[in-house]
Amino acid sequence: MKKKLWISVLILAIIIGGIYSIVKVNPPLEIGTLASSEDNKSVVVGIGNKGFREIKILDVSVNNNDVPSKTKLQVSNALQGFIITDNYNNEDAKKYGLTNIDGVAIKSGTSPSSNFEKLDDGNASKDDEIYGISVIYNKEINKVHIKYSYFGISFKETVIIN
């Protein structure tokens, strides 16, 4: 009886390890649009989820893991796009669904490449949600570091801003 239990536990451990390895090798976050102000103090990084479950953004930092002055998540649609702004409170910015990062999970099936394809084919609609991390910093932004969680596994993605 003990032998069957140990075999079952071993098989379960192999399955869990295999799933973990597959997820780690194929991270679900996909980077799309990169846009910035002329002085690179305001940046938008378009993101999406090519995975099977929601992604939760845990933290966003800039350059050498500095804390940005302001960080928001834009939840817009493929037809509207994103806004680059240094003022999240103006009327134009409010139209782009700016919200706190910890308040939104990135839905699965929101890959930027599939949204770009829909735009190219003329099949994009207001129902196609897009997400953009909007960051403001008092110095030029060269890198945006995004920490996120998927299936309880933490990931870190670094985006270089040119």
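The values are calculated or read from the model by the stated rules, or taken from the named source; none is laboratory data. Since the model is a prediction, treat every value here as computed from it, not as a measurement. Backbone-built Cβ (ideal geometry, glycine too); neighbour counts: all protein chains shown.
Just checking, how many residues over segment 111-136 are surrounded by 13 or more Cβ atoms within 10 Å (Cβ to Cβ) and either part of a strand (DSSP E or B) or not aromatic (F, W, Y) (or both)?
So in segment 111-136, the residues surrounded by 13 or more Cβ atoms within 10 Å (Cβ to Cβ) come out as 111-112, 114-116, 118-119, 124, 128-136.
From what's left, either part of a strand (DSSP E or B) or not aromatic (F, W, Y) (or both): 111-112, 114-115, 118-119, 124, 128-136.
Qualifying residue count, segment 111-136: 16.
Of the residues D102, D92, which is exposed (fewer than 15 other Cβ atoms within 10 Å of the Cβ), among the charged types (D, E, K, R) and within 20 Å of S154 (Cβ to Cβ)?
Details: D92 fails: within 20 Å of S154 (Cβ to Cβ).
Of the residues listed, the single one that is exposed (fewer than 15 other Cβ atoms within 10 Å of the Cβ), among the charged types (D, E, K, R) and within 20 Å of S154 (Cβ to Cβ) is D102.
Could you grab the pairs with beta carbons closer than 8 Å, sequence gap of 6+ or different chains, first residue in segment 134-147 and without any contact (Cβ under 8 Å) to a residue 12 or more places away in the chain, second one surrounded by 22 or more Cβ atoms within 10 Å (Cβ to Cβ) and in a loop (DSSP other than H, G, I, E, B)?
Going by the 8 Å Cβ cut-off, there are no qualifying pairs.
Within segment 39-80, which residues are under 20 Å from N162 (Cβ atoms) and not in a strand (DSSP E or B)?
So in segment 39-80, the residues under 20 Å from N162 (Cβ atoms) come out as 39-47, 60-66, 68.
Within segment 39-80, D39, N40, K41, N63, N64, N65, P68 qualify.
Is it the case that segment 137-154 has a residue that's over 20 Å from K72 (Cβ atoms), within 16 Å of the chain's Cα centre (by Cα), assigned to a loop (DSSP other than H, G, I, E, B) and among the hydroxyl-bearing types (S, T, Y)?
No, the conditions are met nowhere in segment 137-154.
For segment 137-152, name all the residues that are modelled with pLDDT of 90 or more, surrounded by fewer than 20 Cβ atoms within 10 Å (Cβ to Cβ) and not acidic (D, E).
So in segment 137-152, the residues modelled with pLDDT of 90 or more come out as 137-150.
After this cut, where a residue has to be surrounded by fewer than 20 Cβ atoms within 10 Å (Cβ to Cβ) as well, the list is 138-140, 142-143, 145, 147, 149.
Residues satisfying the conditions are N138, K139, N142, K143, H145, K147, S149.
What is the residue count in segment 23-38 for residues that are among the polar types (S, T, N, Q), assigned to a strand (DSSP E or B) and more than 21 Å from D127 (Cα to Cα)? Explain how you work it out, then say what you get.
So in segment 23-38, the residues among the polar types (S, T, N, Q) come out as 26, 33, 36-37.
When the remaining residues are screened for being assigned to a strand (DSSP E or B), the result is 33, 36.
Those still in the list that are more than 21 Å from D127 (Cα to Cα) too: 36.
Result for segment 23-38: 1.
Can you pull out the residues in segment 15-51 that are over 18 Å from T71 (Cα atoms), of a type outside the set (S, T, Y), surrounded by 10 or more Cβ atoms within 10 Å (Cβ to Cβ) and over 12 Å from the mean Cα position of the chain (by Cα)?
Within segment 15-51, I15, I16, G17, G18, I19, V23, K24 qualify.
Need the failing condition index for S108 against (1) crowded, with 20+ Cβ neighbours inside 10 Å; (2) small (G, A, S); (3) in contact with a Phe, Trp or Tyr (Cβ under 7 Å, 6 or more places away or on another chain), just the number.
Looking at each condition in turn, S108 falls short on (1).
Enumerate the pairs (first residue in segment 71-91 and within 14 Å of I133 (Cβ to Cβ); second residue anywhere and assigned to a loop (DSSP other than H, G, I, E, B) and among the aromatic types (F, W, Y)) with beta-carbon separation below 7 Å, excluding pairs fewer than 6 apart on the same chain, so at least 6 apart or on different chains.
Close Cβ pairs (under 7 Å, with a partner that is assigned to a loop (DSSP other than H, G, I, E, B) and among the aromatic types (F, W, Y)) amount to K72/Y88; Q74/F82; Q74/Y96; S76/F82; S76/Y96; F82/Y96; I83/Y96.
Among the numbered criteria (1) over 13 Å from V44 (Cα atoms); (2) within 12 Å of the chain's Cα centre (by Cα), which one does Q74 miss?
(1)
Looking at segment 113-120, can you tell me whether even one residue there is in contact with a Phe, Trp or Tyr (Cβ under 9 Å, 6 or more places away or on another chain) and within 21 Å of L79 (Cβ to Cβ)? Lay out the reasoning, then the answer.
Applying the first criterion (in contact with a Phe, Trp or Tyr (Cβ under 9 Å, 6 or more places away or on another chain)) to segment 113-120 yields none.
No, segment 113-120 has no match at all.
State all residues of segment 84-105 that are aliphatic (A, V, I, L, M) and either within 14 Å of V44 (Cβ to Cβ) or part of a loop (DSSP other than H, G, I, E, B) (or both); if no residue qualifies, say none.
Of all residues in segment 84-105, those aliphatic (A, V, I, L, M) come to 84, 93, 98, 101, 104-105.
If the condition is that a residue be aliphatic (A, V, I, L, M) and either within 14 Å of V44 (Cβ to Cβ) or part of a loop (DSSP other than H, G, I, E, B) (or both), then I84, A93, L98, I101, V104 are the ones that fit.
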